[in-house]
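First the structure, in the form of structure tokens, and then the observations on it.
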Amino acid sequence: MRTKLFVATCTAAAAMVTVAGPASAAPQTTMRQDGIFVVGVDIFPGIWVTTGPWDDYMGCSWERLSGFSGEYEDVIASDYTHSARIVVAIKPTDVAFKTEWCGNWVMQPSPAPSTGSFGS
């Protein structure tokens, strides 16, 4: 079990470095490649949208993660889809976000705060 956990942890760490690239100076509002992105370091939490998979045959696979162990328990939410438009809410409490074959992700602007109802 320890060997499996160690290998999974090393694999996840290597994927983060080799696929997602080194951490940028500030979190980004776009994800232009497959990889594991650390929330608050590589990307901002918020609503993220993609226009669908890179390849219609492969589909899009994404996961919101609570850790890097590589175990199923780290997956907060996930989906595999061929949808043309995919929307995911990445929360500030998420540790990371993993994306494969999903195309370019773009963070959506936060809605303006409500100022009350009209005419009250």
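The values are calculated or read from the model by the stated rules, or taken from the named source; none is laboratory data. This one's a predicted model, so the numbers in the text were calculated from it and none came from an experiment. Methodologically, a virtual Cβ is constructed for each residue, glycine included, from the backbone with ideal geometry; neighbour enumeration extends over all protein chains shown.
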Subset of region 82-98, residues surrounded by 13 or more Cβ atoms within 10 Å (Cβ to Cβ), among the small types (G, A, S) and assigned to a loop (DSSP other than H, G, I, E, B), comes to S83
Residues that are of a type in the set (S, T, Y) and part of a strand (DSSP E or B): does region 57-72 have at least one? yes
Across region 69-81, the tally of residues that are modelled with pLDDT of 95 or more, buried (at least 16 other Cβ atoms within 10 Å of the Cβ) and not charged (D, E, K, R) stands at 1
Checked region 67-112 for anything in contact with a Phe, Trp or Tyr (Cβ under 8 Å, 6 or more places away or on another chain), of a type in the set (D, E, K, R) and free of Cβ contacts under 8 Å to residues at least 60 places away in the same chain; matches are D74, D79
| task | Using the structure shown, decide if F37 is touching a strand residue (DSSP E or B) at 6+ places or on another chain (Cβ under 8 Å), of a type in the set (F, W, Y) and in a loop (DSSP other than H, G, I, E, B). | result | no
